[in-house]
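Asks: The structure is given below, and queries will be raised subsequently.
We did not get these values from a lab; they are worked out from the coordinates using the rules stated. A quick note: this is a predicted structure, and the numbers were derived from the prediction, not measured. Ideal geometry is used to build each Cβ from the backbone, glycine not excepted, and the neighbour counts take in all protein chains shown.
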Amino acid sequence: MLRLRTAVLCAFSFLSLTVGADVKTQNCSQVRDAYIAKGFTVTNVPYQEISGEHLRICSQEKTCCSAEMEDGFSQQSKTDFENMLDGISDDLRATFVSRHRRFDEFFLELLDNTERSLNEMFVRTYGKPYMQNVEVFQNLFAELKRYYKGGNVNLEEMLNDFWTRLLERMFKLLNSQYLITEEYLECINKYMDQLKPFGDVPKKLKSQVTRAFIAARTFVQGLTVGREVANRVSKVSMSPACQRALTKMFYCPYCQGVMSAKPCRNYCLNVMKGCLANQADLDPEWNYYIGKLMLRVSTDDAHCTP
């Protein structure tokens, strides 16, 4: 990621340089025009070349830059770099936001459709008895959504509780002629694993639901983390050395009247790598993260049926 970003930044820096004279001029008029084009005032721009001994960053030979101009170029270099970096990161952030939204909409719609289909089927099959106990199923889907959205839900305990509540409701319905006490229901629940009133359905469903929802929540949280990381690393804390290097590369040629001068590729890459030194440490981890995320996508796609 870092290599690609530095290369793109270099390409952007070439495009950002103002086209002007390729030969140093004596009267600094073209420097003045380029300086004005950048939005600066012309108050401190020399009309003729002067000694550059007052400069701290650019060459101290004959120059068209005053100390105030050099300071302005230094601040402009910082702004240009931050804008270019933010612009490159925008695409990455937008990708994560878009993927997150699409997957979130798809998964929640799938969950809603499942709940609606089951509800319609149970209403047709069981009618009033089901309608009187529909909140058991509504609570199940509400808890599944809460888990998917990052809620503090223990999937296994929640599913066990669902089957327990369902057994209690069904037992009461099938034995409505008797008075069923809470102690009796607790006794039934205690031996639920041995009695297996629903056969192997709870075990199979627990395995399938747990696997699907853990994968979905992990994936959508991974997209959120990617977006946040991309946003944070785009905010570079620029060191004085970086700002000096950027000023030399971007704007010191102005002072010599060669506004169209472009830094060679290796020079530009070295400057960008120096400015992004802190981000370089993230490169292996970021590539590992992207690899894992892509593996999750390809694994999910492989298990999808058309």
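Asks: Take segment 226-255 and flag every residue that is part of a helix (DSSP H, G or I), touching a residue at least 40 places away in the same chain (Cβ under 8 Å) and over 28 Å from ALA34 (Cα atoms).
Replies: The answer is GLY226, ARG227, VAL229, ALA230, ASN231, VAL233.
Asks: Another question, then. For segment 150-196, what are the residues that are assigned to a helix (DSSP H, G or I) and of a type in the set (S, T, N, Q)?
Replies: ASN160, THR164, ASN189, GLN194
Asks: Evaluate the following for GLU70: is it within 30 Å of VAL31 (Cα to Cα), touching a Phe, Trp or Tyr at 6+ places or on another chain (Cβ under 9 Å) and part of a helix (DSSP H, G or I)? First the steps, then the outcome.
Replies: Values: within 30 Å of VAL31 (Cα to Cα): yes; touching a Phe, Trp or Tyr at 6+ places or on another chain (Cβ under 9 Å): yes; part of a helix (DSSP H, G or I): yes.
Yes; evaluated as a whole, the condition is true for this residue.
Asks: Identify all residues within segment 256-272 that are surrounded by fewer than 17 Cβ atoms within 10 Å (Cβ to Cβ) and either among the aliphatic types (A, V, I, L, M) or touching a residue at least 12 places away in the same chain (Cβ under 8 Å) (or both); write none if there are none.
Replies: SER260, ALA261, LYS262, ARG265, TYR267, LEU269
Asks: How many residues, within segment 175-231, are small (Gly, Ala, Ser) and more than 30 Å from GLU105 (Cβ to Cβ)?
Replies: Within segment 175-231, residues that are small (Gly, Ala, Ser) and more than 30 Å from GLU105 (Cβ to Cβ) number 2.
Asks: If you scan segment 197-225, which residues turn out to be part of a helix (DSSP H, G or I) and under 16 Å from PHE162 (Cβ atoms)?
Replies: Those that are part of a helix (DSSP H, G or I) and under 16 Å from PHE162 (Cβ atoms): VAL201, PRO202, LYS203, LYS204, LEU205, LYS206, SER207, GLN208, VAL209, THR210, ALA212, PHE213.
Asks: Looking at (1) over 19 Å from LEU108 (Cα atoms); (2) assigned to a helix (DSSP H, G or I), which is the only condition LEU140 fails?
Replies: Of the numbered conditions (1) over 19 Å from LEU108 (Cα atoms); (2) assigned to a helix (DSSP H, G or I), the odd one out for LEU140 is (1).
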